[in-house]
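One structure is given here, and the rest of the page talks about it.
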Amino acid sequence: MNRNPRTGYILTIVAAIVWASTSPGIKYLLETHHVPALAIAFWRDAIIAVFCFAAIALVRPALLRVGRRELRGLAAVGAISIGVYHALWVLSILLNGASVAVVMIYTFPTFVTLGAWLFFGERIRWPLVLA
């Protein structure tokens, strides 16, 4: 893998652009083509899962080896942390608009940090605040 810092910066910028443009794209599908919100969330997750699976299979197939006992937990975590999250996010775009949804997405790490402090007693240190 290329360890050039420039590659990391470029990938970060591209990821931010894609992440920010997803919300207006979803709003367009919701309003113009009247695609159901949960259908958008499902197909978005399904397509990304297929691409990620294919990429990992090509680059590092050993990472796809999971024990039978772990599959149920992995599926549950994926369904909750990815599926429910995206379903709620698409519904938020529908109800709040694309701009509010983008702001909510970009403030998500702050809410996670505060939740970890409130519910799990994790200490918030300066590196976490700066991040």
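Brief remarks on what is shown
- Residues in segment 28-43 carry Karplus couplings, in order, of 4, 5, 5, 8, 7, 9, 6, 6, x, 4, 5, 5, 4, 4, 4, 5 Hz; the curve used is 6.51 cos²θ - 1.76 cosθ + 1.60 with θ = phi - 60°, and Gly or Pro positions show x.
- Taking 0.36 nm per residue of separation and subtracting the current Cα-Cα distance, fully stretching the chain between Glu70 and Val112 would add 12.6 nm.
- In sequence order, calculated HN-Hα J values of segment 87-93 (Karplus, 6.51, -1.76, 1.60; Hz; x Gly/Pro): 4, 5, 5, 5, 5, 5, 4
- Per residue, in Å², the accessible surface of segment 5-130 once ligands and nucleic acids are set aside, probe 1.4 Å: 78
- Charge dipole of segment 5-130 about the Cα centre (unit charges at C-beta), most positive-ward option of Tyr106, Trp43, Ile10: Ile10
The values are calculated or read from the model by the stated rules, or taken from the named source; none is laboratory data. Quantities reported herein were computed from a predicted structural model and do not represent experimental measurements. Every residue, glycine as well, gets a Cβ built from its backbone with ideal geometry; the counts of neighbours run over all protein chains shown. Ligands, DNA and RNA are excluded from the accessible area calculation, which covers all protein heavy atoms including side chains. Shrake-Rupley method; radii C 1.70, N 1.55, O 1.52, S 1.80 Å.
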